[in-house]
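S.K.: Please read through the structure below; I'll follow up with questions.
What follows is calculated from the coordinates using simple rules that are stated; it is not laboratory data. What you see is a predicted model, and the numbers here were worked out from it, not measured in a lab. We place every Cβ from the backbone using ideal geometry, glycine too, and count neighbours over all the protein chains shown.
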Amino acid sequence: MQPEAPDGTGWRRVAANPEIAVSMLLLIAVAGISSLQVIMRYVFNAALPWTEEISGMALVWMTFLGAVGLARLNLHARVEILSEIAAGRTWYELLEIALDLLGIAFLICVVIGGVDLVSQLSHERTPALRLPITYQVIAIPISAGLIALFMAIRVLRRIVGIARRPA
Amino acid sequence: MNLELLLILLIGVSLIVIMLGMPVALALGGCAVIYLLAEGFPLTQTAMELAFSIDKFTMLAIPLFMLAGSLMNAAKITDRIFDFAASIVGRVPGGLGHVNVLNSLVFAGMSGSALADVASLGPMQVRAMKQHGYDEKLAIGITLASASIGPILPPSIPLVMFGIIAQVSITQLFLGGVLPAFVIAGCLMTYIYIVARGRGYVSADPFSFRTVGRTFLRAAPPMLTPIIIVGGMTLGIFSPTEAATVAVLYALFLGGVVYRELTFKAALDALFEVASASAKLLFIIANAVLFGWVLTIGNIPQTAATAISTTFESPAMFMLLTLVSLLILGAIIENAILLLILAPMLVGVGTETFGLDPVHLGVTMVFCIMIGQYTPPLGLSLFLMKDLTGVPFGRVCAAVAPFLIPLIAALLIMAFVPQVVIWLPRTLGY
């Protein structure tokens, strides 16, 4: 599941992709917390009760922020047979616009449901750390909204591209 | 409209839009939302499933195993393993071909991913074989085919995914993968021996125990990784997530302290790639969990079970049908996606209706899906090999095609001799 690497490497690439940079920090946090837990449990025989909660939350944010970056770079996993054959043809561009619009419709549903869910769960707290559960839930509408935004920008670009094409 | 019919229709439509090129995660999620709206569920339910699907402790094993593999790669440990393998089997006909297979077998234990195996070992192995007079086509074929061992020998990301989705013990799956990995290696090496004997591919370097010993010492620390992981999990010391954490710490220790070849830049690139690769995978998993939940609400697994069990009478027929359809679908759908969509349906039917062992079914299905990577048009490993070597896609496909014979032979052994898979976990008391 290696991604097609975006241009460049090193710091330049990290700086060009801020959402993925935050995802990287969260990945480091997840690895760090898990290591801490392993060390506390096996070396000091004193398991920490809060690590699962925090690393679960970090994993949700890592995934959904990373998904925003992948959407901006158009790197989400998809079947590319047709795009290999027909990229650049007008009918294919129109098809891609239609598919993106379907995706955006789904994401809008997620944003609406996510915002409702955040207000419904606003008094719930996690069992160990007593953190508001909304810290985790709010990742869903925020990321779905951003993914929809980047997809909408791509749709607009495609439409402009088609309109400028000589008939 | 009948809701069950609607759901079957929606599944069909989502498969069509996936084939047309819609991002898989969005197609699965979209299908689920339409059905939930038709059933009268509130939209909050969708957000709820997404927000609480991947925050599970076991899920952490996926990015952590990926990170461990990437760090090992970044620390350039592969050439050490290559030298060790070469010192053992260099003199056998087809020597470097066997080295290639053994190399994958050892490296597999660290990367857990066929693509990682192709990406890191591929260029070096193909180059080395060409330098020793091997046909380029043969070199590419062997390198790709041997990479299929990666996802079978633990640690294995596909097996972790399978365990989570189908709710089968990951420790048992890992143990179940150990012997089949050797069966696959055996089949490939037999085939290479037969092909190479006629062509006289033999190394000139004489066999020496001293070289074996010296290269073994150089390669031993990374080769301990799978032993630590599987051992720790088998003895019940580690959970899969803890084993993955230990693997990350061990990779950092090897790269940073023992070999000192892990540069800061290489580590940074590894982190970037793992963050995006695991976000990509977990984003699909989150949506696949939502989709799977909708299938359960719509009674699809039961419907499918009834349909399949009235059509096929014996477990062997069911197994054969599963493998054939996975091989066909594997050619057009990416392996992780196929696993996530089909595992929950097929495992339920296979274990409940036909009495198959879930570990046996899991390991066999994962290997079958991995072979799908070598069949065009959508073989990710094929595309990767094309990019790495600059050989045209058609030639890469032709190179790997003959190796489907030993790979499918290994698959059939795994499928119809279940002991190969379940003997080790059973013997160790699972």
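S.K.: Could you work out, residue by residue across B:37-50, how many beta carbons of other chains sit within 10 Å of that residue's beta carbon, and then give the average as an integer?
M.R.: Neighbouring Cβ atoms belonging to other protein chains average 6 per residue here.
S.K.: Sticking with this one: For a quick check: sort B:Y193, B:Y134, B:Y374 by the number of other beta carbons within 10 angstrom, fewest at the front.
M.R.: Least crowded to most crowded, the residues run B:Y193, B:Y134, B:Y374.
S.K.: Report, by chain and number, residues whose modeled amide H sits under 5 Å from the one on A:R125, excluding near sequence neighbours (fewer than 5 apart, same chain).
M.R.: Those qualifying (amide H under 5 Å, at least 5 residues apart or on another chain) are A:I133.
S.K.: Over all residues in B:27-36, what is the mean tally of Cβ atoms on other chains that come within 10 Å of each residue's Cβ?
M.R.: The mean count of partner-chain Cβ atoms within 10 Å per residue comes to 4.
S.K.: Next question. Do you know the relative contact order of region B:266-406, to the nearest whole percent, from alpha carbon pairs under 8 angstrom that are 6+ apart?
M.R.: In percent, rounded to a whole number, it is 22.
S.K.: Could you put A:L82, B:L411 in order, starting from the residue whose Cβ has the fewest other Cβ atoms within 10 Å?
M.R.: Taking fewest neighbouring Cβ atoms as first place, the list is A:L82, B:L411.
S.K.: Considering only the other residues whose Cβ falls under 13 Å of the Cβ of B:V17, what net charge follows from Lys and Arg at +1 and Asp and Glu at -1?
M.R.: -1
S.K.: In whole Å, how far is the Cα centre of region B:58-87 from that of region B:124-166?
M.R.: First find each Cα centre; the distance between them is then 13 Å.
S.K.: Right, something else. Using alpha-carbon positions, what is the distance between the centroids of region A:109-167 and region A:47-86, in Å?
M.R.: Each part's Cα centre sits 13 Å from the other's.
S.K.: Which whole-Hz couplings ³J(HN,Hα) result when phi for each residue of region B:394-399 is put into the Karplus expression 6.51 cos²θ - 1.76 cosθ + 1.60, θ = phi - 60°, listed in order with x for Gly and Pro?
M.R.: x, 5, 4, 4, 5, 5
S.K.: To continue, here is another question. From Cα pairs below 8 angstrom and at least 6 apart in sequence, can you work out the relative contact order of chain B, rounded to a whole percent?
M.R.: Relative contact order here is 25 percent.
S.K.: Using a 10 Å Cβ count of at most 11 others and DSSP loop calls, identify the longest part of chain A lacking such trypsin sites (Lys or Arg not before Pro).
M.R.: A:1-88
S.K.: What list of ³J(HN,Hα) values in whole Hz, one per residue of region B:14-24 in order, does the Karplus curve 6.51 cos²θ - 1.76 cosθ + 1.60 (θ = phi - 60°) give from phi, with Gly and Pro shown as x?
M.R.: 5, 5, 5, 5, 5, 5, 6, x, 6, x, 4
S.K.: In what sequence do B:H132, B:H98 fall when counting other Cβ within 10 Å, fewest first?
M.R.: The order, fewest Cβ neighbours first, is B:H132, B:H98.
S.K.: Note down the relative contact order for region B:298-361 as a percent, whole number, built from C-alpha pairs under 8 angstrom at least six residues apart.
M.R.: Once divided by the residue count of region B:298-361, the mean separation gives 45 percent.
S.K.: Counting only helical runs of four or more DSSP H residues, what would the 222 nm mean residue ellipticity of chain B come to if each run contributes -39,500 (n - 2.57) and the total is spread over all its residues?
M.R.: Estimated from H runs of four or more residues: -24500 deg cm²/dmol.
S.K.: My understanding is that a pair violates if its Cα-Cα distance is over 23 Å; which of B:K130/B:K386; B:K137/B:K280; B:K130/B:K265; B:K56/B:K280; B:K137/B:K265 do that in this structure?
M.R.: B:K137/B:K280; B:K130/B:K265; B:K137/B:K265
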